[in-house]
Amino acid sequence: MPNLLTANLSSIPILMYHQIETAPPKGAVFRSLCVSPGDFARQMALLDLLGYRGLSMSALMPYLMGKQTGKVVGLTFDDGYLNNLTNALPVLTRHGFSSTCYAVSQQLGKTNEWDRKVGIAQTPLMNASHLRQWLAGGQEVGAHTRHHVRLTQTDMATCMKEITLCKSELEQMTDSPVRHFCYPYGDYTADHIAMARAAGFDSVTTTQRSRCQAQEDTMQLPRIPVVRSTSLLMLWLKVATRYEDRRRA
């Protein structure tokens, strides 16, 4: 049976970021996934000004479950880029925000090699020491498989290892519990949902666009993408209105 968020009375946004870095030159593949440090700082300042608290997935769960109420927004970073630590952490600390960074356990200290074949520039990822610094800064580490595999194109036995061993490897390297998972590329099936649940994750996020509503399955939480071109007005529309809800597939 799915784990349903039956009690949250308001729509709760979970923002999805990737790199917090100056975008590569025009024409570069997926340059939209780079939000500049200046833009990120202004976005967090806007959320703070509007009265939102930026929260990690663990801190957000009581709100999603209706056990707490308040003006909150989930903050997530996919892949574990080193620039999350260097450029995002100081801003998060300044505003008293927490967030979850989904790391790829067997790629720590390397680069986003899964993107090489499509021409995306290689960027350093955090290593285990960096992840511990991230945790010491009041942030959270989540799991994103061992090798950033596309689950729907991977055999079931390997998928199970990618999901379960990512959790245990990250926990061993950080000496901290890893309670939240994110499906790489947003690709998954009912089998992968069952695997994530069996692995003991409290929540799993997707690339499905929407704010979280009542009756959401905690193993399939939607998020709101924030990209290079997201203006402050657009961020407000995404967070505070039904703009993203209407884009739900």
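The values are calculated or read from the model by the stated rules, or taken from the named source; none is laboratory data. What you see is a predicted model, and the numbers here were worked out from it, not measured in a lab. As a convention, Cβ positions derive from the backbone with ideal geometry for all residues, glycine included, and neighbour counts pool all protein chains shown. SASA here: full protein model, heavy atoms, side chains in, ligands and nucleic acids out. Shrake-Rupley method; radii C 1.70, N 1.55, O 1.52, S 1.80 Å.
Just to verify a result, which residue in the range 105-125, among those that are part of a loop (DSSP other than H, G, I, E, B) and out of contact with any strand residue (DSSP E or B) (no Cβ under 7 Å at 6 or more places or on another chain), is farthest from T76 (Cα to Cα)? Only one residue fits best here, namely G119. Picking from residues in the range 168-183 that are assigned to a helix (DSSP H, G or I) and without any contact (Cβ under 8 Å) to a residue 60 or more places away in the chain, the one that is most open to solvent (accessible area, probe 1.4 Å) is Q172. Within the range 23-36, being open to solvent by 40 Å² or more (accessible area, probe 1.4 Å) and within 26 Å of T93 (Cβ to Cβ) holds for one residue alone: L33.
Restrict the check to the range 101-124 and report whether at least one residue is farther than 25 Å from F30 by Cα, free of Cβ contacts under 8 Å to residues at least 12 places away in the same chain and open to solvent by 20 Å² or more (accessible area, probe 1.4 Å). Looking through the range 101-124, none of the residues is farther than 25 Å from F30 by Cα, free of Cβ contacts under 8 Å to residues at least 12 places away in the same chain and open to solvent by 20 Å² or more (accessible area, probe 1.4 Å).
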